[in-house]
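All remarks here apply to the structure that follows.
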Amino acid sequence: MSDASERESMEFDVVIVGGGPAGLAAACRLMQMDDSLAVVVVEKGSEIGAHILSGNVFEPTALNELFPDWQQKGAPLKTAVTGDRVHYLTSENGAMPVPGLLLPRPMHNKGNYIISLGQLCRWLGEQAEALGANIFPGFAASEVLYDEHGSVRGVATSDMGIGKDGEKKSSYQAGYELLGKYTILAEGVHGNLGQELMQRFRLRENADPQHYGLGIKEIWDIDPELHEEGLVVHTAGWPLDSHTGGGGFLYHAANNKVFAGLIVALDYKNPHLSPFEEFQRWKTHPKVRRYLEGGTRVAYGARAVNKGGLQSLPKLTFPGGMLVGCDAGFLNDVKIKGAHTAIKTGMLAAESVQKALASGDQGQSELGDYEISVKASWAYKELHQGRNFGPALHKFGNFWGAAFTFIEQNIFFGKLPFTWRSPQPDHVSLDRAADAKVIEYPRPDGKLTFDRLSSVFLSSTNHEEDQPSHLKLKDASIPIDVNLPEFDEPAQRYCPAGVYEIVEEAGQKRFQINAQNCVHCKTCDIKDPQQNIVWTVPEGGGGPNYPSM
């Protein structure tokens, strides 16, 4: 990072880190309430939506509150859900339909829409700018700034034009200090600044560890004869075993497009498992293949998702700001949805900040009324009703865990008088490689199944090559000396972008990091068994450039 004296500073009333649904909703709500406020949204993607990836079946509850006239304003919600199908895949060819009556109530999607969340965020960004907010894409917030009392004072963006050797290039530009009376952290899942603040202010003291899944998604153009616009298909079971959480989805979007994806819970045990390869296998099942075969894959991406739910929520406030959306972990795992709760918590944070500033507050206070309003909201009620879903799957396995969820949600309406906990973090779950079954994955055929590098190409991922790696090792010896003998170095397999390799040269093995491939999924920072990999932001604008994920 540059010396602070080199940086230019800009003063705002509110600094929002992250141009996803939570951050943009916060900006819109602030400007709706007081258009005299100076509000900035800083986003590390090259444009709003460039780093947004989600399934996405969207529930419009919060959007209805933020913009009741969203249809007239042209929000990109065009494809209403027409039906739900769920298959339990019993083997590579077998499947059982799951009747709608046996689905947990929150999984029904009547009234929802199949959308591109990236496109919705672009629209929200347009609304925020029209209301008077400042949007700064292409700038990565890399450092939290504190005042003399230890309160958060804003953020600094990363320097541009630093070479791999750490020296300034001719293109060098120092980062900016974005100073605000309040700072709203809306970085998305496992935000690196959010993680710093949770540790500094001990926000996780009374919470379970956050739990995660890795979501891998492709967009396909398929045969119009096979396309059923508005159809939502979910699968459970194969290729994952009964104790590996996750499931697949096929969402029939507009224009003969299908969103196909698999989520694999990151508490999986077998170090030989590759979520990317499991996704490729999943596509070969007849229930999936029938739609995709003969079609054209047009986009690829991956992103971690929160799975911890209510028990994993940290304290939401700290002196000078708050956490919103997936930075805090508001995804509803039973619904497999988090965009609506992200928008709602962004709105609630905005309302708390505006109320404080309107009363003459000079900033850097701790706004406890935000947490109170969250706990009084429908978003919190949703998480409370579904709080035992993840722990039930972990405790009983996928089949019996799903049976318990049906009973809890459809008979007791989420009101059973107990709350199960999941105190073990995902990174400690791996078995030793010598004790685990080696998984032999088939070679890709280049038509239905693919390799990592051709997939990363479709994500339009790009990083300035001559810059320091944003993927850092606390101890460079651990991958070869510890992770390789203990776990066959699982980074080779859990990364969906081919970032990590074991390379042998002159009889010596070394750990290679291909940082330019990184799609910013954050899996390495989450799953590394020694917690040795630290994900930091690269130069602003680097990473994937998703057009419509």
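The values are calculated or read from the model by the stated rules, or taken from the named source; none is laboratory data. Values in this document were obtained by computation on a predicted structure and should not be read as measured data. Quick reminder, even Gly has a Cβ in these numbers, built from the backbone with ideal geometry, and neighbours come from all protein chains shown. These area figures cover heavy atoms from the full protein model, side chains too; ligands, DNA and RNA do not enter into them. Shrake-Rupley method; radii C 1.70, N 1.55, O 1.52, S 1.80 Å.
For E408, the conditions (1) open to solvent by less than 20 Å² (accessible area, probe 1.4 Å); (2) within 27 Å of Y370 (Cβ to Cβ) are fulfilled apart from (2). Screening segment 374-391 for residues that are within 24 Å of the chain's Cα centre (by Cα) and among the small types (G, A, S) and picking the one that is nearest to V264 (Cα to Cα) gives G390.
The single condition among (1) out of contact with any Leu (no Cβ under 8 Å at 6 or more places or on another chain); (2) open to solvent by less than 10 Å² (accessible area, probe 1.4 Å) that K527 does not meet is (1). When R289, R303 are checked against the criterion of being in contact with a strand residue (DSSP E or B) (Cβ under 9 Å, 6 or more places away or on another chain), of a type in the set (K, R) and at pLDDT 95 or above, a single residue qualifies: R303. If the condition is being part of a helix (DSSP H, G or I), over 24 Å from the mean Cα position of the chain (by Cα) and aliphatic (A, V, I, L, M), then segment 392-429 contributes A403, I407. Counting only strands (runs of 3 or more DSSP E) wholly contained in segment 173-291, the ones carrying 2 or more residues that are more than 21 Å from C326 (Cβ to Cβ), charged (D, E, K, R) and in contact (Cβ under 8 Å) with a residue 60 or more places away in the chain occupy 176-185, 212-221. Within segment 401-418, residues that are modelled with pLDDT of 90 or more reach no partner that is among the aromatic types (F, W, Y) with beta carbons closer than 6 Å at six or more positions or on different chains.
Among the residues of segment 504-542, the ones that are modelled with pLDDT under 95 and at positive phi come to 3 in all.
For segment 493-524, a residue qualifies if it is without any contact (Cβ under 8 Å) to a residue 40 or more places away in the chain and open to solvent by 50 Å² or more (accessible area, probe 1.4 Å), and the qualifying residues are E501, E504, E505, A506, G507, Q508, K509, R510. Remark: V374 falls outside the filter, which requires a residue to be modelled with pLDDT of 90 or more, open to solvent by 70 Å² or more (accessible area, probe 1.4 Å) and on the phi < 0 side of the Ramachandran plot.
Looking for something without any contact (Cβ under 8 Å) to a residue 40 or more places away in the chain and open to solvent by less than 10 Å² (accessible area, probe 1.4 Å) - is there at least one such residue anywhere in segment 342-352? Checked against the condition, which is being without any contact (Cβ under 8 Å) to a residue 40 or more places away in the chain and open to solvent by less than 10 Å² (accessible area, probe 1.4 Å), segment 342-352 yields at least one hit.
Scanning segment 178-188 finds one or more residues that are open to solvent by 30 Å² or more (accessible area, probe 1.4 Å), over 25 Å from the mean Cα position of the chain (by Cα) and at pLDDT 95 or above. Residues in segment 239-255: is at least one hydroxyl-bearing (S, T, Y), farther than 24 Å from Y546 by Cα and open to solvent by less than 20 Å² (accessible area, probe 1.4 Å)? Checking segment 239-255: at least one residue is hydroxyl-bearing (S, T, Y), farther than 24 Å from Y546 by Cα and open to solvent by less than 20 Å² (accessible area, probe 1.4 Å).
Remark: pairs (first residue in segment 366-379, closer than 12 Å to A350 by Cβ; second residue at pLDDT 95 or above and among the polar types (S, T, N, Q); Cβ separation under 9 Å; 6+ apart in sequence or on different chains) = L367/T317; L367/S352; Y370/T317; Y370/T345; Y370/S352; S373/S352.
Scanning segment 313-341 for residues that are open to solvent by less than 10 Å² (accessible area, probe 1.4 Å) and more than 25 Å from N410 (Cα to Cα) gives P314, L316, T317, F318, G320, G321, M322, L323, V324, G325, D327, A328.
Taken together, the residues in segment 430-457 that are surrounded by 12 or more Cβ atoms within 10 Å (Cβ to Cβ), aliphatic (A, V, I, L, M) and not in a helix (DSSP H, G or I) amount to 4.
Note on segment 64-121: residues that are of a type in the set (S, T, Y), assigned to a strand (DSSP E or B), touching a residue at least 60 places away in the same chain (Cβ under 8 Å) and open to solvent by 10 Å² or more (accessible area, probe 1.4 Å) amount to 1. Every residue in segment 122-151 that is assigned to a helix (DSSP H, G or I) and among the aliphatic types (A, V, I, L, M), please. Those that are assigned to a helix (DSSP H, G or I) and among the aliphatic types (A, V, I, L, M): L124, A128, A130, L131.
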